[in-house]
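Enquirer: Structure in structure tokens, see below.
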Amino acid sequence: MPALATIHTCDAKADSHNSDPTEDVSLYLPSALAHTPSHPRALPSSCLEVLVVPCNVCLHEMEWELPNAQASDALAELCDGLCLRSYLYIDKDCFQHGQRHNTRSRGIINHTVVKIAAAALKYCAACLAIKGLAPALDKVGWEDAYPLLASKDIRAMGKADPSLLDQWQEEVWLPLEEMERVNRFFNYKAAEWGRHALAVCSTDTYNDRATAEGRRAYAAEQALMYSVMSRQAAHLWLHVPTFVALGYGLIVLEDVETTEKGENNAEDKE
């Protein structure tokens with residue numbers, strides 16, 4: 001941009017007595033120049049007339065891709081951070097007991113909060129750049145994809161939508177119901193094949209003794225197979241209701257540990 005030469009000259013004259021760090025030097029990207037007329041203090045007053053010089057549209061188009069990608073990445077980081085913070089609070093309430101564990105959990109949560117704040121600042125900066133570039137490129141509808149966020153909006157993002165809560169609750173209880181149905185099915189099939197085995201023993205339909213023995217053995221094998229599958233499923237899903245209750249806060253970990261100790265003591269006595 002030809003105008004940048006004049007802007008840098010004005011900056012050099014205005015800051016001749018000040019030596020700013022290199023990282024504080026303004027880059028004057030197209031979005032920054034578009035913001036300056038509404039913020040005259042961003043540049044020396046002698047340079048304000050330069051800002052009305054239009055910038056090359058290709059430069060605006062190239063920079064447009066940058067804040068869009070930054071806003072998308074920052075928004076994803078923000079959502080991930082909020083989800084992680086919510087999980088850490090649940091973990092702290094349910095599983096972390098004692099000063100040492102609580103202090104460690106608090107440190108992790110504080111670190112996550114810092115990352116959330118950094119992602120929010122990154123997102124807001126990208127949105128401001130998009131807002132400055134949109135008029136020059138005649139872009140519309142960007143407010144729907146990347147709305148400007150305030151602190152209250154970020155706090156609200158951490159709160160789950162009631163409709164989503166109902167959906168999540170349904171997704172939790174449906175597997176529990178399916179587990180119960182699978183277990184009932186295995187038990188039903190085991191009992192059914194057991195009745196078939198007994199029916200073969202008590203009937204005189206088969207004149208051939210070998211055929212009757214084969215049918216009885218097959219029925220007994222099927223009954224045993226379904227019985228084993230039922231026991232394996234019950235063993236694998238034994239603690240699932242407890243985990244669900246912990247997630248809903250219906251019980252605490254201390255209650256689970258006390259119950260398990262009581263069961264172990266009872267087994268030892270037996």
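Let's see how each residue does on (1) at pLDDT 95 or above; (2) part of a helix (DSSP H, G or I); (3) open to solvent by less than 100 Å² (accessible area, probe 1.4 Å):
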site	(1), (2), (3)
C201	no, yes, yes
D204	no, no, no
L238	no, no, no
F243	no, yes, no
E267	no, yes, no
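Enquirer: Shifting gears a bit: Pairs please, first residue from region 211-234 and modelled with pLDDT under 95, second anywhere and of a type in the set (S, T, Y) and surrounded by 16 or more Cβ atoms within 10 Å (Cβ to Cβ), Cβ atoms under 6 Å, 6+ apart in sequence or on different chains.
Expert: Note: no pairs meet the criteria.
Enquirer: Based on this model, can you work out whether A120 counts as open to solvent by less than 70 Å² (accessible area, probe 1.4 Å), out of contact with any Phe, Trp or Tyr (no Cβ under 9 Å at 6 or more places or on another chain), touching a residue at least 40 places away in the same chain (Cβ under 8 Å) and among the hydrophobic types (A, V, I, L, M, F, W, C)?
Expert: For A120, the condition - open to solvent by less than 70 Å² (accessible area, probe 1.4 Å), out of contact with any Phe, Trp or Tyr (no Cβ under 9 Å at 6 or more places or on another chain), touching a residue at least 40 places away in the same chain (Cβ under 8 Å) and among the hydrophobic types (A, V, I, L, M, F, W, C) - is met.
Residue-by-condition table, conditions (1) within 15 Å of S72 (Cβ to Cβ); (2) in a loop (DSSP other than H, G, I, E, B); (3) among the β-branched types (V, I, T):
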{"residue": "D91", "(1), (2), (3)": "no, no, no"}
{"residue": "R104", "(1), (2), (3)": "no, no, no"}
{"residue": "V114", "(1), (2), (3)": "no, no, yes"}
{"residue": "A118", "(1), (2), (3)": "no, no, no"}
{"residue": "C127", "(1), (2), (3)": "yes, no, no"}
{"residue": "L133", "(1), (2), (3)": "no, no, no"}
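Enquirer: So the check is Cβ under 6 Å with 6+ separation or different chains; which pairs have a first residue in region 61-85 that's within 18 Å of L133 (Cβ to Cβ) and a second one that's modelled with pLDDT under 90 and open to solvent by 50 Å² or more (accessible area, probe 1.4 Å)?
Expert: E63/L29
Enquirer: Within region 65-77, count every residue that is surrounded by 15 or more Cβ atoms within 10 Å (Cβ to Cβ) and within 10 Å of the chain's Cα centre (by Cα).
Expert: 1
Enquirer: For region 86-113, what are the residues that are in contact (Cβ under 8 Å) with a residue 40 or more places away in the chain and of a type in the set (S, T, N, Q)?
Expert: Matches in region 86-113: S86 only.
Enquirer: Here is a follow-up. All but one of (1) open to solvent by less than 50 Å² (accessible area, probe 1.4 Å); (2) closer than 28 Å to A69 by Cα hold for G107, so report the exception by its number.
Expert: Condition (2) is where G107 drops out.
The values are calculated or read from the model by the stated rules, or taken from the named source; none is laboratory data. Predicted model, so just to flag it, every value in this text is computed and none were measured. Every residue, glycine as well, gets a Cβ built from its backbone with ideal geometry; the counts of neighbours run over all protein chains shown. Just the protein is used for accessible areas: all its heavy atoms, side chains included, with ligands, DNA and RNA removed. Shrake-Rupley method; radii C 1.70, N 1.55, O 1.52, S 1.80 Å.
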